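The values are calculated or read from the model by the stated rules, or taken from the named source; none is laboratory data. Please read all numbers here as calculations on a predicted model, not as lab measurements. When we count neighbours, we look across all protein chains shown, and the Cβ atoms used for this are built from the backbone with ideal geometry, even at glycine. Note: areas computed on protein heavy atoms with side chains; ligands, DNA, RNA excluded. Shrake-Rupley method; radii C 1.70, N 1.55, O 1.52, S 1.80 Å.
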Amino acid sequence: VYGRWNNGVITINIPHVALEAQKEVKEGENLIGKFFEIFTERMELVHEGLKVRHDHCKTIVAKNSPILWQHGALARMPENMTLAEYMDEHPTLCTISVGYVGLYETCEALIGQSNTTDEGRELSKRILSYMNEMCTNWKLEDGINYAIYGTPAENLCGLQVHQFRKKYGIIENVSDREYVSNGFHCHVTEDITPIQKQDLENRFWNLSNGGKIQYVKYPIDYNIGAIKTLIRRAMDFGFYEGVNMSLA
């Protein structure tokens, strides 16, 4: 859509919150309740950080990046116009995002199950729905288009595992690998077919409307006709689809 852009993202490590809840929960307290208590605090930290980022973006002057702001990549503004003025005139054009990683690891930490199980799915949807509810309230308070982003974290996933291990050690199915799962994705070790993966991840698709991607992996000698069928299936779902070819 012409003129749409995003002012950035801050990503929350949800498994870290789950382990913090395990550490702090007292006898007789509900672990899931403690998780959401800490999660709310972390989300508010993200909220404050995003407001700082948004206010900084408002100071941009069009001539700072002519291709973006003067010559049509994102807008056609006079050279001395600030982004604050432009966003005031077009308040719905930009978003700013709350990212997240590790729903799979979060479910393993809190209930000992993958996010592909029925209980894991319900917990994951509860977490994402809560994030969306908070963003809706922030929008009303601040007049800023906050959105939930299923972070395809890549290097960040590895960095966060090393930070996590320093505090909590190596925990099976949570921090025992060199990465955490991107956003809502099924874990790469799940023994599921490409169609099953599409179906399982489709359950969370509309809960991350600030951006997301769905990956499917095929062997290098996979049937070309089957790949075409699966890509068409992804298009029918409305996915932004990534296709990875495994050489092994």
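Evaluate the charge dipole of the chain about its Cα centre and quote only its size in Debye, nearest 20, assuming +1 on the Cβ of each Lys and Arg and -1 on the Cβ of each Asp and Glu. Intermediate values should be presented prior to the final figure.
Working: 25 positive and 32 negative charges, 127 e Å.
It comes to approximately 600 debye.
Which value results for Rg/Rh of segment 164-230 when Rg is the Cα radius of gyration and Rh the Kirkwood radius based on the inverse mean 1/r?
That ratio equals 1.06.
Through the Karplus equation 6.51 cos²θ - 1.76 cosθ + 1.60, θ set to phi - 60°, convert the phi angles of segment 174-179 into ³J(HN,Hα) values in whole Hz; use x for Gly and Pro.
10, 10, 8, 10, 7, 7
Over the Cα atoms of the chain, what radius of gyration and what Dmax do you get, in Å?
When restricted to Cα atoms, the chain yields Rg and Dmax of 20.0, 62 Å.
Listed highest first by mean packing, meaning other Cβ atoms within 10 Å per residue, what order do 6-12, 99-105 come in?
Put in order of decreasing packing, that is 99-105, 6-12.
Tally Lys/Arg at +1 and Asp/Glu at -1 over every other residue whose Cβ is under 13 Å from the Cβ of Glu44; what's the total?
Residues close to Glu44 contribute a combined charge of -3.
Considering only the other residues whose Cβ falls under 14 Å of the Cβ of Gly33, what net charge follows from Lys and Arg at +1 and Asp and Glu at -1?
On the way: positive: Lys26, Lys34, Arg126; negative: Glu20, Glu24, Glu27, Glu29, Glu37, Glu41.
Here the charged neighbours net out to -3.
Amide H to amide H, which residues 5 or more places from Tyr146 or on other chains are under 5 Å from it, using H placed in the peptide plane?
Here Ile96, Lys139 satisfy the definition.
Quick one: which residues, 5 or more positions from Val9 or on another chain, have an amide H under 5 Å from its amide H? H modelled 1.01 Å from N in the peptide plane, none for Pro or chain starts.
Answer set, sorted by chain and number: Ser97.
If you average 1/r across every pair of different Cα atoms in segment 99-219 and take the reciprocal, what Kirkwood value do you get, in Å? It would help to have the intermediate numbers written out before the result.
Values: mean 1/r = 0.0664 Å⁻¹.
When all Cα pairs of segment 99-219 are included, the Kirkwood radius is 15.1 Å.
If you average the alpha carbon positions of segment 10-79 and of segment 183-248, how far apart do those two centres end up, in angstrom?
27 Å
Skip the ligands, DNA and RNA, and give the accessible area per residue of segment 1-112 with a 1.4 Å probe, whole Å². List each step's numbers first, then the result.
Details: 5420 Å² over 112 residues.
Per residue, segment 1-112 has an accessible area of 48 Å².
For a quick check of understanding: with a 1.4 angstrom probe and all protein chains in place, what accessible area in square angstrom does Asp191 have, to the nearest ten?
Here the accessible area works out near 150 Å².
Using only protein heavy atoms and a 1.4 Å probe, report how much of Val25 is accessible, in Å² to the nearest 10.
Using a 1.4 Å probe on the heavy atoms, I get roughly 40 Å².
Near Ser129, within a Cβ-to-Cβ distance under 13 Å, what is the net charge of the other residues, with Lys and Arg +1 and Asp and Glu -1? Let's see the in-between values first.
Values: positive: Arg121, Lys125, Arg126, Arg203; negative: Glu122, Glu133.
Surrounding charge for Ser129 is +2.
If packing is taken as the average count of other Cβ atoms within 10 Å, what order do 144-151, 112-119 fall into, highest mean first?
Highest-to-lowest ranking by the protection proxy: 144-151, 112-119.
Which lysines have a Cα less than 23 Å from the Cα of Lys58, not counting those fewer than 8 places away in the same chain?
Within reach: Lys139.
Among Thr151, Ile127, Leu110, which residue has its Cα furthest toward the positive end of the charge dipole of segment 82-204, with +1 on Lys/Arg Cβ and -1 on Asp/Glu Cβ?
Leu110
Please report the projected area of segment 1-40's Cα convex hull averaged over all directions, in nm².
So the mean shadow area of the Cα hull is 4.0 nm².
Which whole-number percent of Cα pairs in segment 1-90 have a distance greater than 19 Å?
Values: 2212 of 4005 pairs.
I get 55 percent for the Cα pairs in segment 1-90 exceeding 19 Å.
Given the DSSP H assignment, sum -39500 (n - 2.57) over each helix run of at least 4 residues in the chain and divide by its residue total; what's the result at 222 nm in deg cm²/dmol, nearest 500? Walk me through the numbers on the way to the answer.
On the way: 9 runs with 120 residues, N = 248.
Calculated at 222 nm, the ellipticity per residue is -15500 deg cm²/dmol.
Could you tell me the calculated FRET efficiency between Ile213 and Asn80, based on Cβ-Cβ distance and R0 = 25 angstrom, to the nearest 0.05?
0.10
Assigning unit charges at the beta carbon (Lys, Arg +1; Asp, Glu -1) and nothing else, what dipole magnitude in debye, to the nearest 20, does segment 88-129 show about its Cα centre?
With only Lys, Arg, Asp and Glu charged at Cβ, the dipole is about 120 debye.
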